[in-house]
Each structure stands twice: as C-alpha cells, then as structure tokens.
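Inspection log for the structure reproduced underneath, given as structure tokens.
The values are calculated or read from the model by the stated rules, or taken from the named source; none is laboratory data. All values derive from a computational prediction rather than experimental measurement. Please note: Cβ atoms are built from the backbone with ideal geometry, for glycine as well, and neighbour counts cover all protein chains shown. We work out accessible area using only protein heavy atoms, side chains counted, and drop any ligands, DNA or RNA first. Shrake-Rupley method; radii C 1.70, N 1.55, O 1.52, S 1.80 Å.
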Amino acid sequence: MYRSVSEGTRIGTWQWNVQTGETVFNERWAEIVGYSLAELAPVDINTWLGLAHPDDLPGSGRLLEQHFAGQLAFYDCKCRMKHKNGHWVWVHDRGRVVSWTEDNKPLMMYGTHADITEQKHAELELKASRDQFQTLVANIPGITYRCKADKDWTMLYMSGSIDPLSGYPASDFIYNEVRSYASVIHPDDSERLDLAVGQAIKDNQSWLLQYRIIHKCGAIRWVEERGRAEYNEQGEVNFLDGFILDITEEKTLKQQLLKLTSQLPGVVYQYQQWPDGRACFPYASNNLQKIYGALPEQVKDDATFIFSKIHPDDLAGLANSIELSAANLSLWQHQYRVCLDNKKPTWVSGRATPERMPDGSTLWHGYIEDITTSKQHYLELERLNKEYKLSQQRLEMASETALIGFWQASLVTGELWWSPVIYQIFGFDENTTPSVALFKSTLHPDDKDLVTASEQRALETGLHDVVHRIIRPDGAIRWVHELARLLPVDENPDQILVGSVQDVTERMQLQQMKDAFVSTVSHELRTPLTAIKGALALLNSGKLDQVPEKLKKLMQVAGSNSDRLAQLINDLLDVDLLLAKCRLISSHCL
C-alpha cells in the first residue's frame, strides 16, 4: 500500500542515519534529478549535498538544526537541486527524526522529496507579475486601493503613495492594522463623503469627490478620489476599488488664481460652444455677476442667461464674431452692450483665444471687462471729431470761396506746411512739396525786402503782417496778404509762424482804382473848384463893378454851392484817410 501511494504521488523517499551519514533513497528520488540510483551509487548524505544548490545549503542547515533542537516539529525546506541535464529543479524536502541515541542525539530520520519545479516557476511568475504591478502602481502619481464597503473603509490593499500623503505607511491601513483610512479624513468632510459614496453604491455609479485629509504632522492635504463598487452575481458589494490623487498644489494654485482674478476689474472665463449651438461657461471668475448679473454656477452648463442680457442691436454682431473665430480659430475681439434690469446699458469689451476640443466643440480662454466710461469718452470724442471734420469742411469751403489758405513755417528749419487752397493761390501743382525756399522763390523782386523786414519784426512783436506780390509759375503777378503770429522764442525754439495768406489781387486793384479816383478828385476837381470859388468870392465882394441884383443872387447861390462841393471833396478825402488808419489799427490789434 505504501509503495502504491509512493508511486501514485510520485514522491521520492529517503532515510538518513544522522550519526553515520548512511542514506537510502528510492528510485523516484533519483528520477527527480534525472538519474537512476545505479548512476548515483554509492549513495550517502554527500550525494544529496553534491546535488543541492550551494546558495540553499545554509538555509537548509539552519532548518535542520532547529528541528534537531525541538524548535520545529518537522524539517521543511524548499531548495534547488542540479538536474542531470544541467538545469536546476525545485524540490520540497520534508522529514522528521524518528529515533534518538541514548545521549539524546538524532539517529534515524525519514523524509520525502517532491518535485515542485512547475509550482515554483508559477510562484516566481506570479511574484514577478506582482512586483511589476507594484512597480507600476508605485510610479503612478496617486494611491490605488481596494477596501471593504464598511463604515471604516477597511483596506484590503493600498499602494505606497499613501506614505507621503498621510505621513503613515500603507501597512498601517491594511485591515486597519494600526489605523483606518477614515481616521485621517477631515471630520468636516466625513459625513459628506460617506453620503456620496453610499449613494453611488446604491445607484451602481462611480464617484468623484474632493475632500481633505489630515497629515501626520497636522497639515491639511486636498485629495480627489475616483472610485466604484464591485458587485457579485447577487448584486451585493464585494469591495470598493478606487484611486486617490493629491491635488493640494492644484487647490492652492486655484485659490491663488481666485484671489488674483477677484482683484481684476473684469471676468476671466472659459466659453465653450458646440456645433449644434449649445454653449456654456465651464469657468468664470466671480466678477461675472457684476457684468452680467449671474453667478458662475448659473452658466456653468448653459450660457443662455448671458445672451439674454446682450443688447438686441448687438446680438447679431456678437454671434457673427463668435462664429468667425470658431471657423478660423482666430483671436476673438468684440465690443457690445449688456442690459441689466433697471440699469443703463453698459459697454463691455471681450478678447479670447479659441481652442478646438476632441468632441468638435470650441473652447475660448479670455477676459471681459466693463469699458463704459472709456467707451463714452470715445463716443464723445467721435462726436466731437465729426463736428471738427464738419467745421473743417466748412472752413475749407470758406477758405476756397475767400481764397484764404493756412500755413505753418519754421524760420529755423525751413519746413513749411500749407493748406490745399494755397496751391491754388500760388498756382502750384498739388504734388509740389512746400518749403520756405519755394515760397521765397515766388516773391516779387521789389517786395522781398518788405517780407524779410516783416519777418524780422515778428521776432520782436510776434506779428507778421505784410501785403506783397508773388509771381506765379505762369508769370501772372498776384497780390497776397500774409497774417501770422509767432510764439515767444523761449517757447518756440524753431521759430514757427502760424498764419494765413489771402489772395487780395482784386482788392488791391480796387484800391488802386480808388486811389486813382481820389487823386482825380483831389487834383482834377479840387484845383479848378478852388479857382471858381475864388472868382465867385471876388464877384460877391462888391469890389468890382455893380452887377444887377438878379445876377448878384445867382452868384451868391453859385458861391454857396461851390463851398458845399469843396466840403464834400474834403469829406471824401478825410473818409479815405480814416479807413486807412482803421486798417492800420486793426492789423496792430491782431
């Protein structure tokens, strides 16, 4: 029966006289290492020692001594033995001392050898796989776990990344050996966490939670946990699997970002829009409420409320600008009005950079600010600019009608600017570049000193007022009146004159005609009239012969009329003189 059991289990047997070293092995024992007993003869304890792996002998010896000393009930050792083909096989060696010498020394020992090579290889492969898994888990920047679904979250497995996060080794939490994971969760978060996980288990859903844990040193760490329950066929929870990530730095940066964005006058935001028209604000700073009257939570999933606050006249333009930015992935910039209840519309300016997302949507990252004050200034400036342009057009029309041009010249650099009418006055082509030298070249030779003298007086008086002639490119001579002012030299190092020039040719021609008329009146009328008055005065004096009374009356009338005519001529000459003085006084006042 024993032989049948031995052959059926393929177990090698041995017996060893510990004192003499004599050893007996069965045939199966030799087959395990690829030999027959005949090939190994003579057989003794050294046969086994010669086949055993040198690295395994010390361990085997310690186990044997412990058994001899009564510390172990059996000698039980797994070791390697050299196969005939040169490779190593694993054997499970078990034995027991069955008799002792009179002085209590081990005498006879019986045991078995079992080939466990395949089992050992499977164990090694399993260990290698487990080591690989642990290495992979150790390199993941987070904690993987498996726990029971009890109130303490009894851990069945927890990766080593819990060490730096909590300050405690993972071994502390396995089966709550030292402490439970629930014990390091912040008390203010425990109830919320339990309720959320319990509801997720009930709904057969995963959970995503953020909460705080208390480090060994007392510091607070923020974590994000993702997990899901595993169920058996009856729908009962076997265990919970999850992943815990340290988000303390991210949370700190987020808090810093919130503090920074709260100091900004506008809104830092993300706006997302899908091809089907859906839109939302995944993120928006708290100033969203100041501009749109909405909390960030209200528009996190739906942006409809925001668009309801856009001024109706600006809505189409805003939508077009967003569509264009999404189509070309180009920078979005737009200004529009926002209408809040019982308030005047406010102007806002937005700027954002688009990004195409994997689901086909477009995500903008941007900033919106209230520009009402600056926009009002701009609109007022635009209005004034329009008025200025209108006034300028009117001035240009008046300038063209009156042939008055405006200019600015530097007596130091020789630079000159003039208005378009001056091209017409001087007869220049509009492509001609104005300059002081060009102007000087137009002066009539007889008037050059006159103009120079006026410019020199301007350095003292600040007023340049001169009427002179110019010669146009076609040879025509025209009279012009220049009137300009010069700022004080200490404020005007370039000696810039700003003034006007008017074509006064017709006026000068009329003046010449008037002067000729006055000269005629003065010489051609007053001289003969004086003689007539003298003659009439002599006749009316009675020093000559008596004249008839009737003729005397006629001569008196003639004398009276000649006096009146002389007075009219003098008055005409006095008025001309008065006008000349008025013009002189007016020019000095300017």
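Per residue, the solvent-accessible area of region 307-412 (1.4 Å probe, heavy atoms of protein chains only, all protein chains present) comes to 64 Å². Carbon-plus-sulfur accessible fraction, the chain (probe radius 1.4 Å, protein heavy atoms only): 55%. Per-residue Karplus couplings for region 478-491, computed as 6.51 cos²θ - 1.76 cosθ + 1.60 with θ equal to phi - 60°, are listed in order as 10, 9, 10, 10, 9, 9, 8, 10, 10, 5, x, 4, 5, 9 Hz, Gly and Pro entered as x. Over all other residues within a Cβ to Cβ distance under 14 Å of K375, the charged ones net out to -2, with Lys and Arg as +1 and Asp and Glu as -1. Across region 5-105, the relative contact order, built from alpha-carbon pairs under 8 Å that are at least six residues apart, equals 19 percent.
Around the amide H of G167, modelled in the peptide plane, lie the amide H atoms of K216, all under 5 Å away and 5 or more residues distant in sequence or on another chain. Against the chain, whose longest principal axis is taken from its Cα atoms, helix 117-139 shows a tilt of about 20°. Taking amide hydrogens as placed 1.01 Å from N in the peptide plane, the amide H of A149 sits under 5 Å from those of L240, each at least 5 positions away in sequence or on another chain.
With contacts taken as Cα pairs under 8 Å and at least 6 residues apart, the chain reaches a relative contact order of 5 percent.
Heavy-atom accessible area, probed at 1.4 angstrom with all protein chains present, ranks D302, D313, D152 as D313, D302, D152, highest first. Values (i) 81, 55, 47; (ii) 211, 56, 45; (iii) 67, 57, 49 are given for comparison; Cα extents along the principal axes in Å, derived from the coordinates here, is the one labelled (ii).
One Cα centroid belongs to region 17-41, the other to region 423-445; the line between them spans 131 Å. Suppose R0 equals 60 Å. What FRET efficiency, 1/(1 + (r/R0)^6) with r the Cβ-Cβ distance, do K216 and T433 give to the nearest 0.05? Working from the Cβ atoms, E equals 0.10.
Find out how many positive minus negative residues lie around I143, taking Lys and Arg as positive, Asp and Glu as negative, among other residues whose Cβ is under 14 Å from that of I143.
Value of the local net charge: -3.
Excluding ligands, DNA and RNA, the accessible surface per residue across region 33-167 is 57 Å² with a 1.4 Å probe. Between A537 and Q333, the distance separating the two model label sites (each 7 Å from Cα on the Cα→Cβ line) works out to 9.0 nm. When the square roots of the Cα gyration tensor eigenvalues are ordered a ≥ b ≥ c, the ratio a/c for region 276-353 is 1.5 or more and a/b does not exceed b/c, which makes its shape oblate. Placing +1 on the Cβ of every Lys and Arg and -1 on the Cβ of every Asp and Glu, with nothing else charged, gives region 298-390 a dipole about its Cα centre of roughly 320 debye. Rounded to the nearest 20 debye, the dipole size of the chain about its Cα centre is 2040 debye, using +1 on the Cβ of Lys and Arg and -1 on the Cβ of Asp and Glu. With unit charges on the beta carbons (Lys and Arg positive, Asp and Glu negative) and the dipole taken about the Cα centre of the chain, which residue among N17, W207, C77 sits farthest to the positive side? The Cα lying farthest towards the positive end belongs to W207. Potential lengthening of the chain between M397 and L260 amounts to 43.7 nm, from the contour at 0.36 nm per residue minus the alpha-carbon distance.
Overall, region 209-338 carries a charge dipole of about 720 debye about its Cα centre when +1 sits on the Cβ of Lys and Arg and -1 on the Cβ of Asp and Glu, all other atoms neutral. Relative to the longest principal axis of the Cα atoms of the chain, the long axis of helix 372-402 makes an angle of roughly 30 degrees.
Peptides 52-61, 328-337 ranked from most to least packed by the mean count of surrounding Cβ atoms within 10 Å: 328-337, 52-61. The accessible area of V412, taken with all protein chains in place and a 1.4 Å probe, comes to roughly 90 Å². Taking amide H positions as modeled 1.01 Å from N, with prolines and chain starts lacking one, the residues under 5 Å from Y283 and 5 or more places away or on another chain are Q270. Counting only heavy atoms of the protein chains and using a 1.4 Å probe, F281 has close to 10 Å² of accessible surface. Model label sites at R485 and D571, defined 7 Å from Cα along the beta-carbon direction, differ in position by 3.9 nm.
The residues of region 430-524 expose, per residue, 59 Å² of accessible area to a 1.4 Å probe.
Listed cross-link partners K202/K300; K78/K120; K254/K300; K309/K386; K389/K440; K202/K251 are compared with a 20 Å cut-off, the Cα-Cα value being larger for K202/K300; K309/K386; K389/K440; K202/K251.
Helix 505-520 versus the longest principal axis of the chain: what angle, 0 to 90°, nearest 10, using Cα atoms? Result, in degrees: 20. Taking all protein chains together and rolling a 1.4 Å probe, R221 ends up with roughly 70 Å² accessible.
Is the shape of region 221-303 best called rounded, prolate or oblate, per the rule: a/c under 1.5 gives rounded, else a/b larger than b/c gives prolate, else oblate, with a ≥ b ≥ c the square roots of the Cα gyration tensor eigenvalues? Oblate shape, in that a/c is at least 1.5 and b/c is the bigger or equal ratio. Against the criterion of solvent-accessible heavy-atom surface with a 1.4 angstrom probe, E65, E355, E224, E102 sort, most first, into E102, E65, E355, E224.
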